[in-house]
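The values are calculated or read from the model by the stated rules, or taken from the named source; none is laboratory data. Fair warning: this is a prediction, and the values are worked out from it, not measured in the lab. Cβ sites come from the backbone with ideal geometry, for glycine too, and all protein chains shown count toward neighbours. We work out accessible area using only protein heavy atoms, side chains counted, and drop any ligands, DNA or RNA first. Shrake-Rupley method; radii C 1.70, N 1.55, O 1.52, S 1.80 Å.
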Amino acid sequence: MTKNSAGQPKVAVRRRRSLFATSLVVTCTIAAVVPALAQAVGGEHTDPSRDAKGPLDLAGVSFKQDAREVTITIRTHDPVGNGQLPGGKSGTLCVTLEWGSPLGPQKRLCVVKVGDGKTAVNDDRLNPRNGKILARKQRRISTHQGTRFVLRFDPVDLGLPVGLLHFGVRSSWRLGKACRHTCEDKLPSSGTFPARVYRAVAAGCAATSGQVTSGPSSGKRVAITFDDGPSSYTSGYLASLRAEGGVATFFQIGQQVPGQGAIERSILAGGNALANHSWDHADLSRGGSFASSELSRTSAAIKTASGGYRACLYRPPYGATSSSLVSAGNALGMKSVLWDVDTNDWKLPGTSAIISRAVNGARAGSIILMHDGGGNRSQTAAAVGPIVRGLKARGFTLVTVPELLGLKTTYRLSTS
Ligand code: ZN
C-alpha cells in the first residue's frame, strides 16, 4: 500500500416512372446478386446505378471501426449544397440499424441541418416490433462536405451491441418536375447490409517521460486509481465501476499478477487501464538497475497475463520517488504517477469518510488514490459505487490515467 499521503416520415413511394421501367429491372437483377457479394463485413457498398434523380441520390455507404470509433460514410452522386442538406422540408437521410432476436430496427440515425452548413444527427431509439420512436437524442457526430456525409461515434455511447448487426440507408426529397411527390433512394435496394461492431480493448499506452501528481485541469475529468492488486476485491470493484458507468486505473504488484489472466482481461474489457506498482512493493527510490528490474518484471507479468497489454505508467510504492527513479522509468518508456487526492482508505476510516474524501477532494484533473489489495478493503469496496455517483453528480467525467494525461492508447478489436 502507499502510505505517505495520493435517432421517417411516411414516404409516398412514387419512384420516378419517367426514365424507363427497364432501368428498374436491371436494378433489381443486380440487387439480387450484390447482397451475396456484400457479406464481407465492414466493406464499401456502392449503389449499382443512378437510380434516382435528386440531390440525395445515394452512391455508396461504408461502415468501419477503428479503435473506439465507428465511421459511417454515406456518399451521394452529386455534391449536396448547404441549401439541400437533409432535415425539415429539404429531405431526409437516415441510417437504420437492426439487431436482436427477432431481428428488428433498434436505432435510426438521421442527418439534419442545424444552421449554416452544419449538420447533427437525430439518434432515435426505436421499438423493434413496429419501428416507432421511443426516444430521441441529438448528437454532433456528423460532418458533410460535397458528396460525403460522415458519421463518427463511439458505439458504446450509442448503445450498439458488440457483434453482428444489419444496416441500410434511406434518403428522400422533393424536387420540381422530376419528382413532384416525395422521391426516395435506398441502399441496399432491398434488405440490409451486415456490419460488425467490435469491443475496443486497450492494448497498451505510450508515455512521455517524467512524473505527475495530477492531470490537466482543462476539461472536468478525474481518474480513480487502485493500488496493490490484483486481489480478491478486484472483481467487486469492477462490478461497481460497470454498474455506475465508471472506469479506473489499476496499479498492480507484479508478483500477484501471474495466473490472474481472467481478472486482467476483465479489467481491460471494462475500459479500465493497467499500470505498474513494482514487483513486490519495494521502495524504488534508489533507482538504477534495481528499479528497472522491478518495473520490467512487473510490466512483463501484466503483458503475459492480460494477453498483451503494454503498461506505460507506474506508481512508486509508498510514493517514494526520486530523480534517479524517474530516470530509470524514462529509460523504460514509463511515466511516474503519484496522486493529489488521498482517501487514506487503507487506514479504514469508515466508508463515508472514504467517499467524502474522494468526492469532495476532487478537482478537475485529480488523480484519486485508493487501494485494491494489501489488507481489509471492505470499506473501499463499499465506497466505490457512491464515489463514482458522487463525482458524476459534481459534473466530473471519470477517465483512466492514460486518458487524463492524453497519452496515446492503442486498442485491439475483440469480437467478444
Ligand atoms: Zn502500494
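Got a number for residues in the stretch 303-320 being open to solvent by 50 Å² or more (accessible area, probe 1.4 Å), of a type outside the set (D, E, K, R) and more than 11 Å from the ligand (Cβ to nearest atom)?
Qualifying residue count for the region: 2.
Applying the selection to the stretch 365-416, what residues are closer than 24 Å to Q256 by Cβ and surrounded by fewer than 16 Cβ atoms within 10 Å (Cβ to Cβ)?
G375, N376, S378
Run S232 past the list (1) in the same structural domain as A362 (by TED's automatic domain parsing); (2) in contact with a Phe, Trp or Tyr (Cβ under 9 Å, 6 or more places away or on another chain); (3) small (G, A, S) and report the number of the one that doesn't hold.
With respect to (1) in the same structural domain as A362 (by TED's automatic domain parsing); (2) in contact with a Phe, Trp or Tyr (Cβ under 9 Å, 6 or more places away or on another chain); (3) small (G, A, S), S232 is out only on (2).
Of the conditions (1) in a strand (DSSP E or B); (2) in contact with a Leu (Cβ under 8 Å, 6 or more places away or on another chain); (3) away from the ligand (no atom under 16 Å from the Cβ), G204 clears all except one; give me its number.
(2)
So that you can scan it fast, the table gives a plain yes or no per residue for (1) farther than 15 Å from E403 by Cβ; (2) among the aromatic types (F, W, Y); (3) in the same structural domain as V222 (by TED's automatic domain parsing); (4) within 16 Å of the ligand (Cβ to nearest atom):
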residue	(1), (2), (3), (4)
G245	no, no, yes, no
F251	yes, yes, yes, yes
Q255	yes, no, yes, yes
G259	yes, no, yes, no
I263	yes, no, yes, no
S266	yes, no, yes, no
A269	yes, no, yes, no
L274	no, no, yes, yes
D283	yes, no, yes, yes
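Would you check which residues across the stretch 290-302 are within 16 Å of F250 (Cβ to Cβ) and open to solvent by 20 Å² or more (accessible area, probe 1.4 Å) and list them?
S299
Please count how many residues of the stretch 214-235 are crowded, with 17+ Cβ neighbours inside 10 Å and not acidic (D, E).
Counting residues in the stretch 214-235 that are crowded, with 17+ Cβ neighbours inside 10 Å and not acidic (D, E) gives 13.
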